[in-house]
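Enquirer: Submitted below is the structure of interest, expressed as structure tokens.
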């Protein structure tokens, strides 16, 4: 299923999520410019994280080499392999980032996103330290957002489209969708055993998802209850639900004065 929306109603606009999407799009346009100008070797050799080169840089013990190896981890998080790659990633980020940003607060959410991206990159690198294939994409960081969403908003409804076996518009609970997505990542790992590989960094997805789930668990321990978002269900609204949604709408009109949980 390709998701297109959830049913969370949140108090603040997803400002950080929006800027992350903008930065990814700008980075993709810069990347296209590099490729069009014939600087593909420079792009792949300088800015993308390559597991073998990453570990080799740390083996040298040279601060400059180790520092740039770390830069490639972050640079790779904002670069993508194709239009379809960035479109899918940014759509997932747009849908699932809203609730996580509201729940964690903007700066903590940004730290959460970057940490999940680093954890994903390291998980991928350690899965095959000798790999010389460059890694790119925000999928690992976004997988962290999915992992956090599973813990914090498991009963939200995700709406989207199935293409096969027949086109259909469907609704499912977040826990079914996200657990199913995670199962697909492990299935991809198993399918890749003994083969050349599919070109998908499944271990990055798994590492990002697990790190996001753990970080969200920490956030839930620190603050077990938060009403910055509600799971909206118009068919089952009680007066209390309607009052909460009205308060959230009012908060959106004055979001700059709303205190984050």
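Enquirer: Could you please let me know if residue 124 is touching a residue at least 12 places away in the same chain (Cβ under 8 Å), under 18 Å from the mean Cα position of the chain (by Cα) and part of a helix (DSSP H, G or I)?
Expert: Values: touching a residue at least 12 places away in the same chain (Cβ under 8 Å): yes; under 18 Å from the mean Cα position of the chain (by Cα): yes; part of a helix (DSSP H, G or I): yes.
Against the criterion (touching a residue at least 12 places away in the same chain (Cβ under 8 Å), under 18 Å from the mean Cα position of the chain (by Cα) and part of a helix (DSSP H, G or I)), residue 124 qualifies.
Enquirer: Among the residues of segment 129-143, are any part of a helix (DSSP H, G or I), without any contact (Cβ under 8 Å) to a residue 60 or more places away in the chain and closer than 17 Å to residue 208 by Cβ?
Expert: Initially, segment 129-143 is screened for residues part of a helix (DSSP H, G or I), giving 139-143.
Next, only the ones that are without any contact (Cβ under 8 Å) to a residue 60 or more places away in the chain stay: none.
The answer is no, given that none of the residues of segment 129-143 is part of a helix (DSSP H, G or I), without any contact (Cβ under 8 Å) to a residue 60 or more places away in the chain and closer than 17 Å to residue 208 by Cβ.
Enquirer: Inspect all residues belonging to segment 141-153 and state whether any of them is under 22 Å from residue 204 (Cα atoms), surrounded by fewer than 16 Cβ atoms within 10 Å (Cβ to Cβ) and touching a helix residue (DSSP H, G or I) at 6+ places or on another chain (Cβ under 9 Å).
Expert: First, the residues of segment 141-153 that are under 22 Å from residue 204 (Cα atoms): 141-152.
Then drop every residue that is not surrounded by fewer than 16 Cβ atoms within 10 Å (Cβ to Cβ), which leaves none.
No, segment 141-153 contains no residue that is under 22 Å from residue 204 (Cα atoms), surrounded by fewer than 16 Cβ atoms within 10 Å (Cβ to Cβ) and touching a helix residue (DSSP H, G or I) at 6+ places or on another chain (Cβ under 9 Å).
Enquirer: Another question, then. Hey, among the residues in segment 6-32 that are without any contact (Cβ under 8 Å) to a residue 60 or more places away in the chain and touching a helix residue (DSSP H, G or I) at 6+ places or on another chain (Cβ under 7 Å), which one's farthest from residue 137 (Cα to Cα)?
Expert: 31
Enquirer: Would you check which residues across segment 54-103 are assigned to a loop (DSSP other than H, G, I, E, B) and in contact with a helix residue (DSSP H, G or I) (Cβ under 6 Å, 6 or more places away or on another chain) and list them? Quick ask: steps written out before the conclusion?
Expert: If we filter segment 54-103 for residues that are assigned to a loop (DSSP other than H, G, I, E, B), which is where we start, we get 61-62, 77-82.
Once the filter is applied, which keeps residues that are assigned to a loop (DSSP other than H, G, I, E, B) and in contact with a helix residue (DSSP H, G or I) (Cβ under 6 Å, 6 or more places away or on another chain), segment 54-103 yields 77, 78, 79, 80.
Enquirer: Among the candidates 210, 230, single out the residue that is modelled with pLDDT of 95 or more and in contact with a helix residue (DSSP H, G or I) (Cβ under 7 Å, 6 or more places away or on another chain). Working first, answer last.
Expert: Numbers: 230 fails: modelled with pLDDT of 95 or more.
Checking each option against the conditions leaves just 210.
Enquirer: Let me ask something else about it. Is segment 99-112 home to any residue that is surrounded by fewer than 22 Cβ atoms within 10 Å (Cβ to Cβ) and touching a strand residue (DSSP E or B) at 6+ places or on another chain (Cβ under 9 Å)?
Expert: No; the residues of segment 99-112 include none that is surrounded by fewer than 22 Cβ atoms within 10 Å (Cβ to Cβ) and touching a strand residue (DSSP E or B) at 6+ places or on another chain (Cβ under 9 Å).
Enquirer: Applying the selection to segment 33-53, what residues are out of contact with any helix residue (DSSP H, G or I) (no Cβ under 9 Å at 6 or more places or on another chain), free of Cβ contacts under 8 Å to residues at least 40 places away in the same chain and either under 24 Å from residue 123 (Cβ atoms) or assigned to a helix (DSSP H, G or I) (or both)?
Expert: Of everything in segment 33-53, those that are out of contact with any helix residue (DSSP H, G or I) (no Cβ under 9 Å at 6 or more places or on another chain), free of Cβ contacts under 8 Å to residues at least 40 places away in the same chain and either under 24 Å from residue 123 (Cβ atoms) or assigned to a helix (DSSP H, G or I) (or both) turn out to be 33, 36, 41.
Enquirer: Within segment 250-259, is even one residue under 20 Å from the mean Cα position of the chain (by Cα), at pLDDT below 95 and farther than 16 Å from residue 105 by Cα?
Expert: Restricting attention to segment 250-259, the residues satisfying the condition of being under 20 Å from the mean Cα position of the chain (by Cα) are none.
No, segment 250-259 contains no residue that is under 20 Å from the mean Cα position of the chain (by Cα), at pLDDT below 95 and farther than 16 Å from residue 105 by Cα.
The values are calculated or read from the model by the stated rules, or taken from the named source; none is laboratory data. A quick note: this is a predicted structure, and the numbers were derived from the prediction, not measured. Cβ sites come from the backbone with ideal geometry, for glycine too, and all protein chains shown count toward neighbours.
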